[in-house]
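First up is the structure itself, then whatever we jot down about it.
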Amino acid sequence: MKITKSKFAAIIFMLVSALSYSIMQFCVKLTPDIPIMEKILIRNFFSMIIAFIIIKKKKLSLFGAKKNQKYLFGRTLGGYLGMNLFFIGTMQVTLSVAAIINKLSPFVVMILAYFFLKEKITKYHIIALLLSLFGSWLVIKPQFSSSIMPIVILLISAILSGIAFTSLRALGDKENEFTIVFHYSFISVMVSIPFLLFSFVIPDLKSTLILLSVGVFAAIGQIALTYAYKLAPASEVSVYDYSNIIFSSIIGYMFMQEQLDWLEILGIAIIIVSSIIVYKQNNSKKIV
């Protein structure tokens, strides 16, 4: 299949987004003494400012139309709670494990879209779902003890993210992407502020720079993802978002001495294969 210039650019933006989110995740883990809500606020602050500037320049709506609020709040609430739990879980497991569980959210979307949006699920989708669950089991190697709690937290995070992305799919193109980003970022920042009244920690210079990096790379990841989906259909480029797993594994190995055993490598490979199956199926002419 020939790759057009716009699709090639979309792939590059998707890879930049995946790498940026991996670096953000790494920076989150480097600041264990900073409260989660403080990180969440910084993570969304830069995106909020950038989205606000673009919205004002293009004279768009800040919070969207009244009729679309149920979908916007679904995206915001699911995304905000999912991000909180993702940050909590990331602090307790390796970067690669956190990334791989997070990438289960597209399969949550697939299931939710079937029940609520009446989208079709083929046998290939079911095979891919079962493969992804098996691959995740190999990576997680669950033990029924207190050590499984971070995994449970991350699984709930993936489900909540799936709810957020399903809301986005239901929203379609009814709202501009920067309105959606501002809606999510603004409410996330406002909700986080009251918690900081009781738990705010004044960071030292090193922690300040790391926290700023969380916000900067989150903004880069969000903007790159937005442009990727503007340049090519999601069904054609979303599979490249799974490079986040590879980036997180490499960063964890290089900077945090996080080792992957052969079961984890096999599990990651199986999940990537399952995502490719979905990618191929979504681009098949058989799907109407």
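Side notes on the structure shown:
- Hits in the range 127-152 (condition: modelled with pLDDT of 75 or more and more than 22 Å from the chain's Cα centre (by Cα)): Ile127
- Of the residues examined, Ile180 is not one that is β-branched (Val, Ile, Thr), assigned to a helix (DSSP H, G or I) and modelled with pLDDT of 95 or more.
- Just one of the listed residues (Pro150, Pro194) is under 28 Å from Met48 (Cβ atoms) and not polar (S, T, N, Q), namely Pro194.
- Among the residues examined, Lys7 does not qualify as in a helix (DSSP H, G or I), surrounded by fewer than 16 Cβ atoms within 10 Å (Cβ to Cβ) and of a type in the set (D, E, K, R).
- Verdict on Ile23 being over 15 Å from Phe87 (Cβ atoms), under 22 Å from the mean Cα position of the chain (by Cα) and assigned to a helix (DSSP H, G or I): no
- Taking the range 109-126 as the range and being among the β-branched types (Val, Ile, Thr) and over 20 Å from the mean Cα position of the chain (by Cα) as the test, the residues that pass are Ile121, Thr122, Ile126.
- Residues that are aliphatic (A, V, I, L, M), surrounded by 15 or more Cβ atoms within 10 Å (Cβ to Cβ) and within 19 Å of Asp173 (Cα to Cα) do occur in the range 63-79.
- Helices (runs of 4 or more DSSP H) fully within the range 65-172 counting 1 or more residues that are among the hydroxyl-bearing types (Ser, Thr, Tyr) and free of Cβ contacts under 8 Å to residues at least 60 places away in the same chain: 105-116
- Scan of the range 206-232 for residues that are under 22 Å from Gly172 (Cβ atoms) and hydrophobic (A, V, I, L, M, F, W, C), ordered by number: Ile223, Ala224, Leu225, Ala228, Leu231, Ala232
Residues are listed down the side, and each one gets a yes or a no for (1) out of contact with any helix residue (DSSP H, G or I) (no Cβ under 8 Å at 6 or more places or on another chain); (2) modelled with pLDDT under 85; (3) within 22 Å of Gly74 (Cα to Cα); (4) in a helix (DSSP H, G or I):
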residue: Ser188; (1), (2), (3), (4): no, no, yes, yes
residue: Pro203; (1), (2), (3), (4): no, no, no, no
residue: Leu211; (1), (2), (3), (4): no, no, no, yes
residue: Leu225; (1), (2), (3), (4): no, yes, yes, yes
residue: Ser238; (1), (2), (3), (4): no, yes, yes, yes
residue: Ser248; (1), (2), (3), (4): no, no, no, yes
residue: Gly252; (1), (2), (3), (4): no, no, no, yes
residue: Phe255; (1), (2), (3), (4): no, no, no, yes
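- Given (1) buried (at least 19 other Cβ atoms within 10 Å of the Cβ); (2) of a type outside the set (Asp, Glu); (3) under 30 Å from Leu260 (Cα atoms); (4) in contact with a helix residue (DSSP H, G or I) (Cβ under 6 Å, 6 or more places away or on another chain), number of the condition Ser167 does not satisfy: (3)
The values are calculated or read from the model by the stated rules, or taken from the named source; none is laboratory data. What you see is a predicted model, and the numbers here were worked out from it, not measured in a lab. We place every Cβ from the backbone using ideal geometry, glycine too, and count neighbours over all the protein chains shown.
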